[in-house]
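The values are calculated or read from the model by the stated rules, or taken from the named source; none is laboratory data. Because the structure is predicted, anything quoted here is derived from the model rather than measured. We place every Cβ from the backbone using ideal geometry, glycine too, and count neighbours over all the protein chains shown.
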Amino acid sequence: MPTTPACDQPCYADVESVGRLTADVVVEVSGMAASHRTPGVYYVVSDDPGTSEIAAVRENGALVARLEIEGMAARNAEALAVGPCEAGDPRTCLYVGDIGNHLGHPEVFVYRVVEADLGTPPPESLPAEVLTFRYPSERPDAEALLVDDHGRPLVISKASFESGVTGPTYLYRGPSSGGTLEQLGRVDLPEPENADFADLVGNVVTDASAVDGAVLLRTYDEVLEYRSGPAGADLAGFASWPVRRVPAPDQLQSETVAYRVDGCGFLTTSEITGGIGAVNCSPRM
């Protein structure tokens with residue numbers, strides 16, 4: 001069951017509306033991640049078919065740069081993550097998850113891009129390594145992607161919803177070079193307190209974000225935070241960590257969540273309106 005811990009963990013202030021992603025910046029934003037290379041910048045991606053670029057924006061939604069991902073024509077780009085390019089690599093990489101799979105394709109793709117300096121002028125395009133993955137048997141839909149310390153993608157499935165019942169959510173991990181996704185087990189989500197959207201489409205995960213020892217999961221109705229306590233914990237085990245509800249804006253079809261780089265607060269956005277909500281850390285009581 002979700003807990004409400006004392007402030008020995010980060011405590012969060014109320015949600016603030018900080019800006020908006022307009023259609024000329026990104027259409028139907030479906031993924032968001034904080035840049036580790038350029039402070040204060042966030043990457044966003046659209047899930048429209050054939051998308052070949054990401055946008056870099058400020059917290060308020062102001063455009064910094066459009067970045068063409070070489071060789072990408074995503075079918076359904078649903079997630080972004082920033083993490084190590086591989087174990088021991090001091091560089092960080094942006095991972096673009098072309099993992100939306102409501103049509104049941106046999107393969108999904110992750111584009112791995114070394115983070116660039118978004119100085120003046122920023123680069124117009126970025127080379128990408130295409131990682132191809134297959135599920136072991138089933139072909140779930142998914143909208144959430146994490147990356148562990150070894151540069152291995154972790155995919156969180158979007159549960160089915162039939163006859164008013166949400167199916168199971170599963171966690172998968174793939175090799176850092178692509179290949180078969182291994183099912184690591186279930187992620188048992190708590191029932192939402194206010195199931196406005198879950199009653200219509202199920203209690204499904206629409207995005208995820210991670211910093212050392214902590215994971216955020218976004219559903220249509222709330223934001224859940226899992227915390228391990230000690231730093232360096234294996235990200236693949238986050239489903240067993242203590243979980244709590246944290247503040248979340250009342251947004252139509254929220255499909256992104258992104259920790260700030262230092263883990264002290266996060267952003268979340270609406271796919272429909274583009275509204276950006278920020279949740280900051282608050283002083284300890």
- [ ] Can you tell me which residue within segment 98-113, out of those that are touching a residue at least 40 places away in the same chain (Cβ under 8 Å) and assigned to a loop (DSSP other than H, G, I, E, B), is farthest from Asp207 (Cα to Cα)?
- [x] Asn101
Open item on the list: Can you list the strands (runs of 3 or more DSSP E) lying wholly within segment 114-186 that have 1 or more residues being crowded, with 17+ Cβ neighbours inside 10 Å and of a type outside the set (S, T, N, Q)?
Closed with: 129-134, 142-147, 153-157, 170-173
Task: Arg245, sole failed condition from (1) surrounded by fewer than 20 Cβ atoms within 10 Å (Cβ to Cβ); (2) touching a Ser or Thr at 6+ places or on another chain (Cβ under 6 Å); (3) in a strand (DSSP E or B) - done: (2)
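Results for (1) farther than 18 Å from Val57 by Cα; (2) surrounded by fewer than 18 Cβ atoms within 10 Å (Cβ to Cβ), shown as yes or no for each residue.
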site	(1), (2)
Val204	yes, no
Leu217	yes, no
Tyr220	yes, no
Leu224	yes, no
Ser228	yes, no
Ala236	yes, yes
Phe266	no, no
- [ ] State whether one or more residues within segment 170-182 are modelled with pLDDT under 95 and either under 24 Å from Ile54 (Cα atoms) or of a type in the set (Gly, Ala, Ser) (or both).
- [x] no
Task: Qualifying positions in segment 141-169 - of a type outside the set (A, V, I, L, M, F, W, C), in contact (Cβ under 8 Å) with a residue 60 or more places away in the chain and closer than 23 Å to Val29 by Cβ - done: Glu143, Pro153
Open item on the list: Considering only residues that are among the polar types (S, T, N, Q) and at pLDDT 95 or above, which ones fall in segment 214-247?
Closed with: Thr219, Ser240
TODO: Just name the residue that is nearest to Ala142 (Cα to Cα) out of those in segment 48-97 that are outside any loop (DSSP other than H, G, I, E, B) and either of a type in the set (S, T, N, Q) or modelled with pLDDT under 95 (or both).
DONE: Thr51
Task: Flag if Asp221 is part of a loop (DSSP other than H, G, I, E, B) and in contact with a helix residue (DSSP H, G or I) (Cβ under 7 Å, 6 or more places away or on another chain) - done: yes
- [ ] Tell me, please, whether a residue that is assigned to a loop (DSSP other than H, G, I, E, B), of a type in the set (S, T, N, Q) and under 17 Å from Asp207 (Cβ atoms) can be found in segment 32-47.
- [x] yes
Open item on the list: Looking only at segment 248-258, filter to residues that are in a strand (DSSP E or B) and not hydroxyl-bearing (Ser, Thr, Tyr); which one of those is surrounded by the most Cβ atoms within 10 Å (Cβ to Cβ)?
Closed with: Val257
- [ ] Pairs only if they're at least six apart or on different chains, beta carbon under 8 angstrom, first in segment 10-39 and free of Cβ contacts under 8 Å to residues at least 60 places away in the same chain, second aliphatic (A, V, I, L, M) and in a loop (DSSP other than H, G, I, E, B); list them, first residue then second.
- [x] none
Open item on the list: With the requirement that a residue be of a type outside the set (Asp, Glu) and part of a strand (DSSP E or B), what does segment 202-218 give you?
Closed with: Val205, Thr206, Ala208, Ser209, Ala210, Val211, Ala214, Val215, Leu216, Leu217, Arg218
Open item on the list: Quick test of your reading of the structure: Gly19 fulfils all but one of (1) surrounded by 20 or more Cβ atoms within 10 Å (Cβ to Cβ); (2) assigned to a strand (DSSP E or B). Name the failing condition by number.
Closed with: (1)
Task: Residue among Ala74, Ala79, Ala116, Ala65 that is out of contact with any Ser or Thr (no Cβ under 8 Å at 6 or more places or on another chain) and closer than 17 Å to Val27 by Cα - done: Ala65
